[in-house]
Amino acid sequence: MRLFVALDLPDALRARLAAMASAIPGARWVPAENHHLTLRFIGEVAPDQAEEIDHALAALRGRAFVLTLAGVGTFRKAGRDTQLWVGAARCEPLDRLQAKIETALQRAGLPPERRRFQPHVTLARLNDAPEGKLAGFVQTHNLFRAEPMTVEHFTLFSSRLGKTQAVYTAEVDYPLAPMAVRE
Ligand code: 2AM
């Protein structure tokens, strides 16, 4: 099983992200149903390890929080733009949740994630997309700011390769404790 831990996004937000797709040669736009914010990529695991991962995540205690997606950018690898994404406004509760998940998964026997957590929702994967077009996209959407969303659970997803796109399935939702109500 190929697994990852992520936040799913409200339908209206996914529709808004999908509507940002534009004519950029070499861009493969992620369809609305696949939008998510990855907290931890796990990769291929055997069924008994998947069970341990599930137990470790179920034992994690976290609190709900408000998250706002904002800004756009690209990831570059070897001098080429590989991904176009929407980022997240700075959010300490998100960083804390991600750190707790990392600890839980290491306890479940996974090797540590070496890469820095860069919260993002991938909008498109890029193959030789012209830099000018990408710069134009980033400029157009630089001020993008979504409606704040309340994160009340996180999710263990499995991923299968479909014909044209990966097929993601929410396997387990792990609830977060309700936010403290202000007096
Ligand atoms: P991405 O959107 O930035 O590519 C499911 O594939 C999720 O896991 C995606 O959100 C993807 O992040 C992430 N992912 C896929 N392969 C990965 C890898 N080798 N390392 C880290 N994250 C990965």
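The values are calculated or read from the model by the stated rules, or taken from the named source; none is laboratory data. Please read all numbers here as calculations on a predicted model, not as lab measurements. FYI the Cβ positions are ideal-geometry reconstructions off the backbone, even for glycines, and counts take in every protein chain you see. Surface areas here come from the heavy atoms of the whole protein model, side chains and all, with no ligands, DNA or RNA. Shrake-Rupley method; radii C 1.70, N 1.55, O 1.52, S 1.80 Å.
Looking only at A59, A50, A104, which one moves most when the chain is put into a Gaussian network model with springs between Cα atoms under 10 Å? Its mean-square fluctuation being the largest, the pick is A59. Excluding same-chain neighbours fewer than eight residues apart, the aspartates and glutamates reachable from K163 by a Cα-Cα span under 19 Å are E33.
Simple spin-label model, 7 Å along Cα-to-Cβ: A78 to R116 in nm? Reported label-point gap for A78 and R116 is 2.3 nm. Say a site is exposed when it is one of the trypsin sites (Lys or Arg not before Pro), sits in a DSSP loop, and has at most 15 other Cβ atoms within 10 Å; what is then the longest site-free stretch of the chain? No qualifying site falls inside 1-60, the longest such stretch.
To the nearest 0.05, how large is the calculated FRET efficiency for M179 and A12 if R₀ is 25 Å and r is the Cβ-Cβ distance?
Working: r = 21 Å, r/R0 = 0.82.
With a Förster radius of 25 Å, E is 0.75.
Counting only heavy atoms of the protein chains and using a 1.4 Å probe, F41 has close to 90 Å² of accessible surface. Relative to the longest principal axis of the Cα atoms of the chain, the long axis of helix 131-141 makes an angle of roughly 60 degrees. Springs join every pair of Cα atoms under 10 Å in this Gaussian network model of the chain, and among I53, I24, I101 the largest mean-square fluctuation is at I24. Once the Cα-Cα distance is subtracted from the 0.36 nm per residue extended length, the E171 to A135 segment shows a gain of 9.3 nm. Considering only G162, G71, G79, the Gaussian network model of the chain with Cα springs below 10 Å gives its largest mean-square fluctuation to G79.
How large, in percent, is the carbon and sulfur part of the accessible surface of the chain at a probe radius of 1.4 Å? Display every interim value, and only then the final one.
Values: 5430 of 10650 Å².
C and S fraction of accessible area: 51 percent.
When the surface is traced with a 1.4 Å probe over the full set of protein chains, T122 keeps roughly 20 Å² accessible.
So if we plug the beta-carbon distance of R63 and M149 into 1/(1 + (r/R0)^6) with R0 = 22 Å, what FRET efficiency do we get, rounded to 0.05? Each step should come with its number before you reach the end.
Numbers: r = 15 Å, r/R0 = 0.69.
Calculated transfer efficiency: 0.90.
Which FRET efficiency value, to the nearest 0.05, do you get for E51 and A89 by plugging their Cβ-Cβ distance into 1/(1 + (r/R0)^6) with R0 = 22 Å? Walk me through the intermediate numbers first.
Working: r = 35 Å, r/R0 = 1.60.
The calculated FRET efficiency here is 0.05.
Here the 3J(HN,Hα) profile of segment 50-56, calculated from phi with Karplus coefficients 6.51, -1.76 and 1.60 at θ = phi - 60°, is 4, 5, 4, 4, 4, 4, 4 Hz, Gly and Pro shown as x.
Taking every alpha-carbon pair under 8 Å whose residues sit at least 6 apart, the chain reaches a relative contact order of 33 percent.
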